[in-house]
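Before any comments, here is the structure.
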Amino acid sequence: MKVISVVGARPQFVKLAPIAHAAAAAGVQHEIVHTGQHYDPMLSDVFFADLGIPAPDVHLGVGSGSHGVQTGAILGALDAVFEEHAPDWVLVYGDTNSTLAATLSAVKLHLPVAHLEAGLRSFNRRMPEEHNRVLTDHAADLLLAPTEVAARHLADEGLAARSVVVGDVMTDVLMQVRDAQQGRPVELVDELGLEPGGYSVATIHRAENTDDPARLRMIVDALSTIDHPVVLLAHPRVIARAQQHGIDLDAGSLVSHAPLAYPDLINAVLSARGVVTDSGGLQKEAFLLRVPCTTVRTETEWVETVELGWNVLANGAEEIRDAVGRAAPQPADAAPYGDGRAAERVIDELVRRAR
């Protein structure tokens, strides 16, 4: 059996790692198509080395562009790839333009599509990611839900017959990386002279937080007035927008820094007092590491992190400052994202359901 994984952005590379390892262990032929949606090496190539992922079999190199341009470029390039490689399954990940484009290409070629991380919903139709995940779920043949909540969303949309709960593959790789980082020095702490447990790690990259200069300025101003250092791991989108509008990313408590390799990021979060983000992946990673998270959005797909007290949604400057300064909640043993063996279940399902 041959599976082609289509990936193009940082969270997808993290999810790809345990899938690649599980496929190899099961003797499944697994090929990787890298769309090039994230073209910065720190957001792309380095993940393959750090997480032990085989080099991509195909690299489309689409680069940046508007949603339509980027999605169209990927879609246009994938038809020939799928026809040449003739997979038994096309496996798509999450909610990016790469996800939607690969799904559309595959279904029009009558190739079975499995959607990893199916059923997540923010119920915010202004988010391009929401359109991508909903359209993908309704076109895909197999919906691999990470949680029972996600499975309920799929059932509500009439998709229960195509759905199965497998757990969250990011939990798989996070547990492995966390264990490998235990006891290792934190390079970010040493480099910036930080106190372990005395700083927060921040990532802000979503269009709704970066494209409006007034909103980006509000977020930056709020983080710059926190009572402890906040290290902003600056995505290329943030740097470009800040330079364009004259926003200083190194003011007050705020310190900008290049993105970290995934193991270094996890190590930095393990040593932090908190996380500030608009990333779905980092919200969940913070929860799994039991580090308080402040999410700069009005909603989250990972509702369990909020319900269990480890994540707070903050939309305005005062909300952000209050949330980042809060104390950690009481420890919890809840494990809504599985036992760290989701990737094995994904491969088992693909093998069992192969045509």
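General remarks:
- Judged by the mean number of other Cβ atoms found within 10 Å, the most tightly packed of the peptides 191-204, 95-108 leads the ranking 95-108, 191-204.
- Compared with the dominant principal axis of the Cα atoms in the chain, helix 67-85 is inclined by about 40°.
- Full extension of the chain segment joining H228 with L308 gains 26.3 nm, where the gain is 0.36 nm per residue of separation less the Cα-Cα distance.
- Whole-number Å³ per residue for the convex hull built on Cα positions in the chain: 124
- Potential extension, E187-R152 segment - 0.36 nm per residue separation minus Cα distance: 8.5 nm
- Carbon + sulfur, % of accessible area of the chain - ligands and nucleic acids excluded, 1.4 Å: 52
- Surface accessible to a 1.4 Å probe, per residue, for the residues of region 164-305, Å²: 35
- Computed magnitude of the charge dipole of the chain (debye, nearest 20; Cβ of K, R +1, Cβ of D, E -1): 420
- Degrees separating the helix 236-245 axis from the principal Cα axis of the chain, which is the longest one: 50
The values are calculated or read from the model by the stated rules, or taken from the named source; none is laboratory data. Here the structure is a predicted model, which is why all the values come from computation and not from measurement. Neighbour counts run over all protein chains shown; Cβ positions are idealised from the backbone, glycine included. These area figures cover heavy atoms from the full protein model, side chains too; ligands, DNA and RNA do not enter into them. Shrake-Rupley method; radii C 1.70, N 1.55, O 1.52, S 1.80 Å.
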